[in-house]
1. Treating each Cα of the range 168-318 as an identical point scatterer and ignoring solvent, apply the Debye formula and state log10 I(q)/I(0) at q = 0.11, 0.21 Å⁻¹.
2. Choose one answer from VAL253, VAL286, VAL50: the residue with the largest mean-square fluctuation in a GNM of the chain with alpha-carbon springs under 10 Å.
3. Using alpha carbon centroids, what distance separates the range 83-97 and the range 131-147, in Å?
4. Of the options VAL134, TYR148, TYR104, report the single residue whose Cα projects farthest towards the positive end of the charge dipole of the range 53-179 (beta-carbon charges: Lys, Arg +1; Asp, Glu -1).
5. In a shell of Cβ-Cβ distance under 11 Å around LEU97, excluding LEU97 itself, what net charge do Lys and Arg (+1) and Asp and Glu (-1) give?
6. For the range 13-55, list log₁₀ I(q)/I(0) at each q in 0.14, 0.16, 0.25, 0.30 Å⁻¹, using the Debye formula over Cα point scatterers of equal strength and ignoring solvent, two decimals each.
7. Would you work out the charge dipole size for the range 70-206 about its Cα centre, treating the Cβ of every Lys and Arg as +1 and the Cβ of every Asp and Glu as -1, and quote it to the nearest 20 debye?
8. Along each of the three principal axes of the Cα atoms of the chain, give the extent in whole Å, ordering the values from largest to smallest.
Amino acid sequence: MKVGIIGAGAVGSACLLSLVMLGCAREIVLVNRNRKRAEGAVTDVQYGAVLSPRVDVGSGDYADLAGASLVMITAGVNEKTGGATDRNDPAGRLRLLQSNAGVYQQMVPEIRRAAPQAVVLVVTDPPDPLADVVRLLGHERVLSTGTYLDSLRFRFHIARRLNVSPAFVRAEVLGEHGTSSVLLWSSARVGGKPVLDVFAGTGEARERIRQEIDREVRFANIAIIEGIGASQYGIGMVCARLAEMVLRDERAVVPVGFYSPKYGVTLSLPSVVGREGVTQVLEPEVPDAERQALDRSAEALRRAVAGLEIRPPIRKVA
């Protein structure tokens, strides 16, 4: 099975490495505006790939995506370059939307020409409205990484507080992959018991822990960027796992971004992921407060998409 990656920056390179190490793809093609950068990343990774399951790794152009089952798009302006690292900015990643939508208008037609049947996985920030851009440009098999990584962060921080393995924490983040994301505390469980009931101490202490975890999850990307300049490794591993779900037709249920007719926009809900991308959405029953928060998240995304200027695609791409 063949996977294409568009963009050889920090995130694209992390996706490449994670895919090779996971061993779920038979062929990987890395496409980048600067071909030499893609060639360098491929050359570096291919030597270590000797230790992994057999995979052909190469650089190429858009035409080399032909036959790909999945194409990841990681190219575009990142959070640090685009000035989206202010914890007090309600726009957050949405600040990058117009710039990256312009980049996508150049790339998506090329992807469609080369691999019209591929599932497109949008990784570039902000991934949810950019998935809508892909859809508006005519490619229907599209999903975004959405809040899958946010949900893993949620599980991790709960587990660390409870001193248990994150593998045994059930917790999800829905809505936007951004400042309006919704942490579903109502359904967060460990060993079948509500997480908030497990936290020791008074109600005030539990609320303080809840607020601290909320901040840790919501602004994890900024904390990472302040340390290493880009949030890349976690999302690289998430993308490799999503690729595995698609390539193996797993029909796994995870929170990823997919267009919802109900909300009129792409946002994250628990979704069945397999060979065709998302085949079913399983929206959970949630309390009124979380439902209202999800509605607000959807509204923020609708406003962002409505404000886009979608221009005719430019034939020449970088």
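Here, each number is a calculation from the coordinates, and none is a lab measurement. These figures come from a predicted structure and were not determined experimentally. Using ideal geometry, Cβ is built from the backbone for each residue, glycine included, and neighbour counts are taken over all protein chains shown.
1. One equal scatterer on each Cα of the range 168-318 leads to -0.56, -1.47.
2. Ranking VAL253, VAL286, VAL50 by mean-square fluctuation puts VAL50 first.
3. Answer, in whole Å: 21.
4. Working it through, the farthest residue towards the positive pole turns out to be TYR148.
5. Value of the local net charge: -1.
6. Listed by q, the Debye log ratios stand at -0.28, -0.37, -0.85, -1.13.
7. I would put it at about 420 debye.
8. 60, 46, 37
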